[in-house]
């Protein structure tokens, strides 16, 4: 299977405008994400998809291929598909690499790419919830799975409810997983899901992937040991550096 990695990089952000250009330990966040993505040995090409000329020009300074997409895309998924079309080359899968994880491990990309076998429509990653605090954190999206490790539902609430067990002990009685938000899309499926209208479940939970599930698409989930450390605010930078033990 041929796979392209696409890194969406928006300039506008309500909590952190210009986030891709912020300098972290001598390099921009975007450059760090790009360089880590290049280390994946299962990607055939890597490009940056941005809505801003400043980011486009910056990408050129460290040798990255970048394309300028529309500003008004509602999600990274839509931006990825336009970038794929603008790139002009054919691939079997697109992997949407999170542009706000500057210390992304390339093996995390590889573990997702490995399950892109032609039958998988959409793939994403998950990590086991091992504490009550993480399980009940509504900022963490939980996944309900079928026997084939395909997602039945994503929710900010804890599903399933365990009857007659104290909530503090639920994670000891059931294998709960939380979502790690990198996606792989088979290209024909990516084309179709970007044409879907916003769904009722998506609006209820504010989770784009519920639109795909509600319309009958299958999302295969694979377990990863690599935790996600995103930079959403300026304060997150130092926190991520500490978590990753970056010198």
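Listed residues 10, 15, 79; which is touching a residue at least 40 places away in the same chain (Cβ under 8 Å) and surrounded by fewer than 16 Cβ atoms within 10 Å (Cβ to Cβ)? Can you show your working first?
Numbers: 10 fails: surrounded by fewer than 16 Cβ atoms within 10 Å (Cβ to Cβ); 79 fails: surrounded by fewer than 16 Cβ atoms within 10 Å (Cβ to Cβ).
Step by step, each of 10, 15, 79 is checked, and only 15 is touching a residue at least 40 places away in the same chain (Cβ under 8 Å) and surrounded by fewer than 16 Cβ atoms within 10 Å (Cβ to Cβ).
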Quiz prompt | Close pairs (6 angstrom Cβ cut-off, 6 or more residues apart or separate chains): modelled with pLDDT of 95 or more in region 181-195, assigned to a helix (DSSP H, G or I) anywhere | solution = 184/112; 190/81; 193/212; 194/78; 194/81
Quiz item: Can you name every residue in region 129-158 that is in contact with a helix residue (DSSP H, G or I) (Cβ under 7 Å, 6 or more places away or on another chain), surrounded by fewer than 17 Cβ atoms within 10 Å (Cβ to Cβ) and in a helix (DSSP H, G or I)?
Solution: 132
Quiz item: Assuming residue 242 fulfils every condition listed in (1) touching a residue at least 12 places away in the same chain (Cβ under 8 Å); (2) loosely packed, with under 11 Cβ neighbours inside 10 Å; (3) assigned to a helix (DSSP H, G or I) apart from one, which condition is it?
Solution: (1)
Quiz item: Which residue pairs have Cβ atoms closer than 6 Å, lie 6 or more positions apart in sequence or on different chains, and pair a first residue in region 23-36 that is under 12 Å from residue 64 (Cα atoms) with a second residue that is part of a strand (DSSP E or B)?
Solution: 30/9; 33/7
Quiz prompt | Single residue of region 216-229 satisfying the filter (in a loop (DSSP other than H, G, I, E, B) and surrounded by 14 or more Cβ atoms within 10 Å (Cβ to Cβ)) that is modelled with the lowest pLDDT | solution = 228
Quiz item: Can you tell me how many residues in region 159-186 are out of contact with any strand residue (DSSP E or B) (no Cβ under 6 Å at 6 or more places or on another chain) and either part of a helix (DSSP H, G or I) or farther than 17 Å from residue 125 by Cβ (or both)?
Solution: 15
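If a residue must be exposed (fewer than 13 other Cβ atoms within 10 Å of the Cβ) and assigned to a loop (DSSP other than H, G, I, E, B), how many such residues does region 187-214 contain?
Quick first cut of region 187-214, residues exposed (fewer than 13 other Cβ atoms within 10 Å of the Cβ) only: 188, 195, 197-198, 200, 203-204, 206.
Pick out the ones that are also assigned to a loop (DSSP other than H, G, I, E, B) and you get 195, 197-198, 206.
Looking only at that region, the number is 4.
Here are 56, 38, 43: which of them is over 17 Å from the mean Cα position of the chain (by Cα) and surrounded by fewer than 24 Cβ atoms within 10 Å (Cβ to Cβ)?
On the way: 38 fails: over 17 Å from the mean Cα position of the chain (by Cα); 43 fails: over 17 Å from the mean Cα position of the chain (by Cα).
Going through 56, 38, 43 in turn, just one is over 17 Å from the mean Cα position of the chain (by Cα) and surrounded by fewer than 24 Cβ atoms within 10 Å (Cβ to Cβ): 56.
The values are calculated or read from the model by the stated rules, or taken from the named source; none is laboratory data. Computed from a predicted model, the values in this text were never measured in an experiment. Using ideal geometry, Cβ is built from the backbone for each residue, glycine included, and neighbour counts are taken over all protein chains shown.
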